[in-house]
1. Taking LYS38 as meeting all but one of (1) of a type in the set (Lys, Arg); (2) in a loop (DSSP other than H, G, I, E, B); (3) at pLDDT 95 or above, write down the number of the exception.
2. Please specify each residue of region 1-35 satisfying the condition of being at pLDDT 95 or above, in a loop (DSSP other than H, G, I, E, B) and surrounded by fewer than 24 Cβ atoms within 10 Å (Cβ to Cβ).
3. Give region 273-298 a look and list any residue that's of a type outside the set (Lys, Arg), under 24 Å from LEU139 (Cα atoms) and assigned to a loop (DSSP other than H, G, I, E, B), or say none.
4. Right, GLY20: over 22 Å from GLY131 (Cβ atoms), in contact with a Lys or Arg (Cβ under 9 Å, 6 or more places away or on another chain) and of a type in the set (Gly, Ala, Ser) or not?
5. Where the second residue is surrounded by 24 or more Cβ atoms within 10 Å (Cβ to Cβ) and aromatic (Phe, Trp, Tyr) and the first is touching a residue at least 40 places away in the same chain (Cβ under 8 Å) and lies in region 38-49, which pairs have Cβ atoms under 8 Å and are six or more apart or on separate chains?
6. Output the residue which, of all residues in region 129-175 that are of a type in the set (S, T, N, Q) and touching a strand residue (DSSP E or B) at 6+ places or on another chain (Cβ under 9 Å), is nearest to SER247 (Cα to Cα).
7. Name the single residue, out of those in region 191-245 being modelled with pLDDT of 90 or more, surrounded by fewer than 21 Cβ atoms within 10 Å (Cβ to Cβ) and among the hydrophobic types (A, V, I, L, M, F, W, C), that is farthest from GLY261 (Cα to Cα).
8. Given the criteria modelled with pLDDT of 95 or more and touching a Lys or Arg at 6+ places or on another chain (Cβ under 7 Å), does SER184 qualify?
Amino acid sequence: MQAIRSLFIPKWSSDVRLEGKTAIVTGANVGIGKETAKDLAGRGARVILACRDMTRGEQAARDIMREVKGAKVVCKQLDLADTKSICQFAENIYNTEKGLHFLINNAGVAMCPYGITEDGYETQFGVNHLGHFFLTYLLLDLLKHSVPSRIINLSSAAHAMGKIQFDDLSGEKNYHPVRAYAQSKLANVLFTRELAKRTEVLGVTAYAVDPGVVNTEITRHFMSPLMALTKTFSYFMKTPAEGAYTSVYCAVEPENQLLTGGFYKDCSLAESCKAGQDDGTALKLWAVSCHLLGIRWR
């Protein structure tokens, strides 16, 4: 059984050090985000855990500092469902940080019941896409100041089931949690694709990541009781540490070994679905996202 399971885990390691570098990991209080932050801290980076729940975020910071000798980790409050919170977070970063070398847009919600953000957008589209889109926009000047720098957006294999419903982005006409999740994950891929075109000349690269099927809290809305009780199924799910491998890979692998705008899975370049390669849809999504957020990002 262990031999079979090992086939699902990428064989990759790196001893790259990150002293003098600063990273932000959203949703870093648990799961893939926490493990990504822990790995980067272990390489000497200063890591900012951007978390909605400060109690859990501060506990995660203490955990990492206890487990990683000399870890430089701080927690800052960020609610991706609230543009005011995103603005306050970005302002705090500019006031406290001299540089930003890695922005890892990891946080997300999955297949949850219908809800809306503080700004009136469907929760999954609002948090998974618009929240990270806006955060990246606000922090881009600091990323440009710190080049070479990287942006890593976590997507999912579920993006292949997605379609950008421009006439119903918030699911007000016909909401389905799986369809909304797939749309938001496709949006992550398309955002990365268009972002890379605009930032490569600036020295900022961008990558979309599929972490695989990982046993984390994000599964709480869609793991059926049968799946939760089936040891065989959970056995083949990745651990959070294993799920973080590809995020870390895209952060530390030499830049000339990576393709900006690329879609990465199991620590290697993969191919997104056909819809994820549609430059016309990517450009339209960019324009619509800017309109919804009230920003001009050329």
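1. For LYS38, the exception is condition (2).
2. Correct list: SER14, ASP15, VAL16, ARG17, LEU18, GLU19, GLY20, LYS21, VAL30.
3. GLY294, ILE295, TRP297
4. yes
5. LEU40/PHE102; ALA45/PHE102
6. ASN153
7. Residue satisfying both the conditions and the ranking: ALA241.
8. So SER184 does not fit the description; no.
The values are calculated or read from the model by the stated rules, or taken from the named source; none is laboratory data. Please read all numbers here as calculations on a predicted model, not as lab measurements. For neighbour counting, all protein chains shown are included, and Cβ atoms are generated from backbone atoms with ideal geometry for every residue, glycine included.
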